[in-house]
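Some notes on the structure that comes next.
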Amino acid sequence: MQIEVKFAGFGGQGIMSAGKFLAEAGLEEGKEVVWIPSYGPEMRGGTAYCTVVVSEQPIGSPIINNPTHLVVMNRPSLEKFAPTIQPNGIIIINSSLIPITSERTDVTEILIPCNQIAIELNNTRGANMVALGAYVACSKVVSLEVLEKIIRQEFAKKPKFIEGNVAALKRGAEVASQEMEKAK
């Protein structure tokens, strides 16, 4: 099993962090992992995306042009990257900021109001954790428990952020699981 996912959005939305946390969770589970970040011309506000590959086997190439999955946090990223996703893939769409879908019929699209959920949790910067939780619930690439452990470790030096990010992660997973049931 090899899963490739591209996280994409504006700089400042936590795109790189979401990908890094997923990669670290894969490592924690003993899997082969590649994490490749890419920044647009501006760090905050410009385009940012990263690709994460998680595999049970050695990874032949870290460069992935057509990933199996996509997590998009803004409309320009959806329009740019949705056509590149492999058939039967998964696209997680932040419906708080993206009023459209890719209109692809050969992928599973899950609409998650990431920003709205983060606001409801009093964690306005937690939309990336909502999206990450949603993605893990849909893909099962790593366990949610291991991902929570990674988040707790990453924020150990900033403990006031731990519970808010864990709550966002879990809520994203919960909403995505409900949406997956509806899509069946």
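The values are calculated or read from the model by the stated rules, or taken from the named source; none is laboratory data. Predicted model, so just to flag it, every value in this text is computed and none were measured. Don't worry about glycine lacking a Cβ; one is built from the backbone with ideal geometry, like all the others, and counts go over all protein chains shown.
Summary table
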{"read-out": "Pick from the range 145-169, criterion within 17 Å of the chain's Cα centre (by Cα) and surrounded by fewer than 18 Cβ atoms within 10 Å (Cβ to Cβ), ranking: nearest to Val53 (Cα to Cα)", "value": "Val146"}
{"read-out": "Residues located in the range 82-106, provided they are surrounded by fewer than 20 Cβ atoms within 10 Å (Cβ to Cβ) and under 14 Å from the mean Cα position of the chain (by Cα)", "value": "Ser95"}
{"read-out": "Evaluation of Ala156 against (1) outside any helix (DSSP H, G or I); (2) touching a residue at least 24 places away in the same chain (Cβ under 8 Å) (one fails), failing number", "value": "(2)"}
{"read-out": "Answer residue from the range 131-144, given it is in contact with a helix residue (DSSP H, G or I) (Cβ under 7 Å, 6 or more places away or on another chain) and part of a helix (DSSP H, G or I) and is surrounded by the most Cβ atoms within 10 Å (Cβ to Cβ) among those", "value": "Gly133"}
{"read-out": "Entirely in the range 8-98, the strands (runs of 3 or more DSSP E) that have 1 or more residues that are at pLDDT below 95 and at negative phi", "value": "32-39, 47-55"}
{"read-out": "Checklist (1) within 22 Å of Ala118 (Cα to Cα); (2) touching a His at 6+ places or on another chain (Cβ under 9 Å) applied to Gly89, failing item", "value": "(1)"}
{"read-out": "Matching option when the condition is of a type in the set (S, T, N, Q), in contact (Cβ under 8 Å) with a residue 24 or more places away in the chain and outside any loop (DSSP other than H, G, I, E, B), among Asn123, Asn115, Asn128", "value": "Asn128"}
